[in-house]
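> Before I ask anything, let me first share the structure, which is written out below as structure tokens.
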């Protein structure tokens, strides 16, 4: 069995795709692309797809990951192209590597987010960020299935900065002020989402964007404590492929680097 | 109409989407959707299914017209659906107009705003959409800045209740009709729109295939009945004809079915295997108004399924029609498809199967590649007598034989559909449903040797429909319907031996009365619809939104000034002489034939299916110059490729 790891995006208006919606679309794309999928056993067999840590509905992403299991080997790049053609534009399959290491999900320990705040001046944003950074804890509330939950949104945040305003979405009108925040947040339980950080900014510094923030995940991967960066989670597989171009089988690669 | 420039409202809409449920339904971008440049087209259609996206997107009618229109050079079609109340409130607050999901252009900027009504319960949603679009609710208030509002779909066979709100209606098959309408609009625009809207509507009306309510006056008798419906200008036909597409193989649509990202009610590759039905069930409006029967050939079906699956990636194929097992080559179709897709885990479904057309070979083909889910049959009536009245010629022995086969072959669950409130029905006719269900369970236990057998009885109130033999029939009141259903429930629940194996699902009689009011209503009902809409009525097909009390209150406010009331429209029996509100809309059925069939119903006389017996002179074929088109062709579906023949592409880069 060959396992292939894919990076995909949620761009533009398709960022409103929920994870369930994505799953259905992806499974149909697997059929359209005639991918020789491995199926789970049981009464209603399902194609073997493992999703990791999906971005919330409404947020864009450049860095979503999943892994599929195939019954026959395929060239990852060719497969990527076929799948990408079979998905709606915006849900783009942008990277594919053969899995040569274990634990992709374990390597997703932090995310880099961009928060675009239309109608907020960069100065106001910078001031709010400073207050947030200076705080020890920032209590926020989130509505969950089990009612309102209160938790700290500060400790999971490893970096929050007001980036210089160059627009990542050039199609937007730019005649109004716009602040762009760059956020690096650890994946903890309960999860701290960009929304929660925005709630935190409102709580500590009254930062209230007039329109909903446009939020995009730029990267996710292993958080490197020394450099404070988020590393590419597919790099170990790529490196393994470079040193051992023809593996006996992907499952043999049991040693996890990093 | 027609703004030569139409800006996308997506930037404004986008800001609202984080605040609404399931925002994905409003963003478009579905696989196989089409966005054509606005400037490259001179005739632009906005097509609406006036219900939520999850119901509207899979609708075959809209999907077919969307594709047929978009295939034309210089023509574009985009789709719009009803927005849920959460988004409606935000759109009103932020002044975002009704938009198409394809390119988010305002509906008001299109040349035609076409609505497909499968049911009358979408009328209030049409008013919501018009108002959100900034289009005047009433046709008489519209100007050249507004689109032509056009109704289609089965409910449009009696468009009188919405006559004030639509500019025109097209009845029957839409494929060719939309192209003809497009041609007329194009010519009128090229000439510089001479004579304004009225001239365009006149050009449409004089074809005889487009009904423009504004060109007809309705005169009433002192007792409230209609005296006559008469054209108010020359050149307009007295009666408007339905459209009939004759060769389905020439119209293999949808070729590229839309694949939604949002979850919808049907997620499958649907192929219409034939259109029309001549079984002659007297309650069935669809069967009456879609005559004659026209089959798609087995090879045409095979090709559509093949292309459709490749284009979509769906894992289920639905073979649609009004009675799918009646296709003259259904066995070969089912076997051929099951053979082809055996390895691909593609399931097949036949959504409408008659008890007497079902057989176990067919059942096995249908379940070969998929799950063995429940089987559903619709005897419709509980007693032999009432089944003769409705001309549903299925005997109880047929049913027992069929369920015995099913239970004997591994099925554990059978669903049975019935109606309550059929003409001449008594309590006894309905109570016999319980006897039928117990016989089904007893037989099931006998042949399967197991007590783990279930039968679900599902029953709803009968609503008399226009263009059927029951168009003259009195509808049973909501109270009587509920009382009769209560007796049936008590009888089933009280059965110690079998009751626990029988599920009982029913719909109360109230929604049926509103549906009945709208189905057989005339132009005076428009005031009720408008009052309900203004009082907040939306999504009447949804239990959680529907309000019977609101409809009744609004009817009590508006109808007395006309000297009529809800009972007058629903529970009143009509006589032979009465001019019915839809008499000037020609479904091809001869009114005298319908009346004879109504008399036959009262005499419990059955009528055969004209596919296999001589013509009964229902009128359709001579009137419409059409004929029955059925197989068999004798052809078979061949495998698409040699199984495991081609070497798999090699897995690694070189």
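> For region A:29-50, does any single residue satisfy the condition of being in a helix (DSSP H, G or I), over 25 Å from residue A:219 (Cβ atoms) and under 19 Å from the mean Cα position of the chain (by Cα)?
The first filter runs over region A:29-50 and keeps only residues in a helix (DSSP H, G or I), leaving A:29-32.
Subset that is over 25 Å from residue A:219 (Cβ atoms): A:30-32.
Those left that are additionally under 19 Å from the mean Cα position of the chain (by Cα): none.
Looking for residues that are in a helix (DSSP H, G or I), over 25 Å from residue A:219 (Cβ atoms) and under 19 Å from the mean Cα position of the chain (by Cα), one finds none in region A:29-50, hence no.
> Something else about it: One residue is enough: does region A:99-112 have a residue meeting the conditions within 14 Å of another protein chain (Cβ to nearest Cβ) and within 13 Å of residue A:6 (Cβ to Cβ)? Working first, answer last.
Step one: of region A:99-112, the residues within 14 Å of another protein chain (Cβ to nearest Cβ) are A:99-100.
Of the ones still in play, those that are also within 13 Å of residue A:6 (Cβ to Cβ) are A:99.
Yes: region A:99-112 contains one or more residues that are within 14 Å of another protein chain (Cβ to nearest Cβ) and within 13 Å of residue A:6 (Cβ to Cβ).
> Within region B:337-388, work out how many residues are farther than 26 Å from residue B:489 by Cβ, buried (at least 16 other Cβ atoms within 10 Å of the Cβ), over 25 Å from the mean Cα position of the chain (by Cα) and away from chain A (no Cβ under 14 Å).
Result for region B:337-388: 8.
> Continuing with this model, one more query. Would you pick out the residues in region A:8-19 that are more than 7 Å from chain B (Cβ to nearest Cβ) and free of Cβ contacts under 8 Å to residues at least 60 places away in the same chain?
Filtering region A:8-19 for residues more than 7 Å from chain B (Cβ to nearest Cβ) gives A:8-12, A:15, A:19.
A:19 - this is the single residue of region A:8-19 that is more than 7 Å from chain B (Cβ to nearest Cβ) and free of Cβ contacts under 8 Å to residues at least 60 places away in the same chain.
> Within region A:41-55, does at least one residue satisfy the condition of being under 23 Å from residue B:18 (Cβ atoms), surrounded by 19 or more Cβ atoms within 10 Å (Cβ to Cβ) and touching a residue at least 60 places away in the same chain (Cβ under 8 Å)?
For region A:41-55, residues under 23 Å from residue B:18 (Cβ atoms), surrounded by 19 or more Cβ atoms within 10 Å (Cβ to Cβ) and touching a residue at least 60 places away in the same chain (Cβ under 8 Å): present.
> Taking residue B:177, is it part of a strand (DSSP E or B), in contact (Cβ under 8 Å) with a residue 40 or more places away in the chain and more than 30 Å from residue B:9 (Cα to Cα)?
On the way: part of a strand (DSSP E or B): no; in contact (Cβ under 8 Å) with a residue 40 or more places away in the chain: yes; more than 30 Å from residue B:9 (Cα to Cα): yes.
Here the answer is no, as residue B:177 does not meet what is asked.
> Give A:3, A:116, A:13 a once-over and let me know the one that is more than 29 Å from residue B:367 (Cβ to Cβ), over 16 Å from the mean Cα position of the chain (by Cα) and in a helix (DSSP H, G or I).
Numbers: A:3 fails: in a helix (DSSP H, G or I); A:116 fails: in a helix (DSSP H, G or I).
Only one candidate passes the filter, namely A:13.
> From (1) modelled with pLDDT of 95 or more; (2) buried (at least 22 other Cβ atoms within 10 Å of the Cβ); (3) away from chain A (no Cβ under 14 Å); (4) over 25 Å from the mean Cα position of the chain (by Cα), pick out the condition that doesn't hold for residue B:1.
It fails just one condition, (1).
> So, one more: Quick check on residue A:74: is it over 27 Å from residue B:262 (Cα atoms), buried (at least 22 other Cβ atoms within 10 Å of the Cβ) and at pLDDT below 95? Give the derivation first.
Working: over 27 Å from residue B:262 (Cα atoms): yes; buried (at least 22 other Cβ atoms within 10 Å of the Cβ): yes; at pLDDT below 95: no.
Spelling it out, it is not the case that residue A:74 is over 27 Å from residue B:262 (Cα atoms), buried (at least 22 other Cβ atoms within 10 Å of the Cβ) and at pLDDT below 95.
Residue by residue, here is whether (1) more than 13 Å from chain A (Cβ to nearest Cβ); (2) assigned to a loop (DSSP other than H, G, I, E, B) holds:
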{"residue": "B:5", "(1), (2)": "yes, yes"}
{"residue": "B:28", "(1), (2)": "no, yes"}
{"residue": "B:55", "(1), (2)": "yes, no"}
{"residue": "B:64", "(1), (2)": "yes, no"}
{"residue": "B:78", "(1), (2)": "yes, no"}
{"residue": "B:90", "(1), (2)": "no, no"}
{"residue": "B:102", "(1), (2)": "no, yes"}
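> Where residues in region A:56-75 are in a loop (DSSP other than H, G, I, E, B) and in contact with a helix residue (DSSP H, G or I) (Cβ under 8 Å, 6 or more places away or on another chain), which of them is nearest to the other protein chains (Cβ to nearest Cβ)? Give the steps one after another, and end with the answer.
Filtering region A:56-75 for residues in a loop (DSSP other than H, G, I, E, B) gives A:56-59, A:71-75.
Imposing the further condition that a residue be in contact with a helix residue (DSSP H, G or I) (Cβ under 8 Å, 6 or more places away or on another chain) reduces the set to A:56-59.
Working: A:56: 10, A:57: 7, A:58: 5, A:59: 9 Å.
Once the filter is applied, the top-ranked residue is A:58.
> When you look at residue B:573, is it assigned to a helix (DSSP H, G or I) and at pLDDT 95 or above, yes or no?
Taking the combined requirement at face value, the residue does not satisfy it.
> Restricting to region B:388-401, name every residue that is in contact with a strand residue (DSSP E or B) (Cβ under 7 Å, 6 or more places away or on another chain) and part of a helix (DSSP H, G or I). Steps first, answer last, please.
Step one: list which residues in region B:388-401 are in contact with a strand residue (DSSP E or B) (Cβ under 7 Å, 6 or more places away or on another chain), which gives B:390, B:392, B:394, B:399.
Matches in region B:388-401: B:399 only.
> What's the total number of residues in region A:20-38 that are facing chain B (nearest Cβ under 10 Å) and more than 18 Å from residue B:309 (Cα to Cα)?
Within region A:20-38, residues that are facing chain B (nearest Cβ under 10 Å) and more than 18 Å from residue B:309 (Cα to Cα) number 3.
> Follow-up. Which of the following residues is crowded, with 16+ Cβ neighbours inside 10 Å and more than 30 Å from residue B:624 (Cα to Cα): B:254, B:237, B:260? Walk me through it before giving the result.
Working: B:254 fails: more than 30 Å from residue B:624 (Cα to Cα); B:237 fails: more than 30 Å from residue B:624 (Cα to Cα).
Going through B:254, B:237, B:260 in turn, the sole match is B:260.
> A follow-up question, please. What number of residues within region B:457-468 are within 19 Å of the chain's Cα centre (by Cα) and farther than 15 Å from residue B:421 by Cβ?
The qualifying residues number 2.
> Every residue in region B:20-69 that is closer than 16 Å to residue B:81 by Cβ, over 23 Å from the mean Cα position of the chain (by Cα) and free of Cβ contacts under 8 Å to residues at least 40 places away in the same chain, please.
If the condition is that a residue be closer than 16 Å to residue B:81 by Cβ, over 23 Å from the mean Cα position of the chain (by Cα) and free of Cβ contacts under 8 Å to residues at least 40 places away in the same chain, then B:23 is the only one that fits.
> Now, a different point. Return the residues of region B:295-308 that are crowded, with 23+ Cβ neighbours inside 10 Å and either within 14 Å of another protein chain (Cβ to nearest Cβ) or outside any loop (DSSP other than H, G, I, E, B) (or both); say none if nothing qualifies.
B:295, B:298, B:301, B:304, B:305
Here is a yes/no grid of residues against (1) at pLDDT below 95; (2) crowded, with 24+ Cβ neighbours inside 10 Å; (3) within 30 Å of residue B:217 (Cβ to Cβ):
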{"residue": "B:86", "(1), (2), (3)": "no, no, no"}
{"residue": "B:90", "(1), (2), (3)": "no, no, no"}
{"residue": "B:99", "(1), (2), (3)": "no, yes, no"}
{"residue": "B:118", "(1), (2), (3)": "no, no, yes"}
{"residue": "B:121", "(1), (2), (3)": "no, no, yes"}
{"residue": "B:161", "(1), (2), (3)": "no, yes, yes"}
{"residue": "B:166", "(1), (2), (3)": "no, yes, yes"}
{"residue": "B:182", "(1), (2), (3)": "no, no, yes"}
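The values are calculated or read from the model by the stated rules, or taken from the named source; none is laboratory data. From a predicted model like this one, the values you see are computed outputs, not experimental measurements. Note that we place each Cβ from the backbone using ideal geometry, even for glycine, and neighbour counts take in every protein chain shown.
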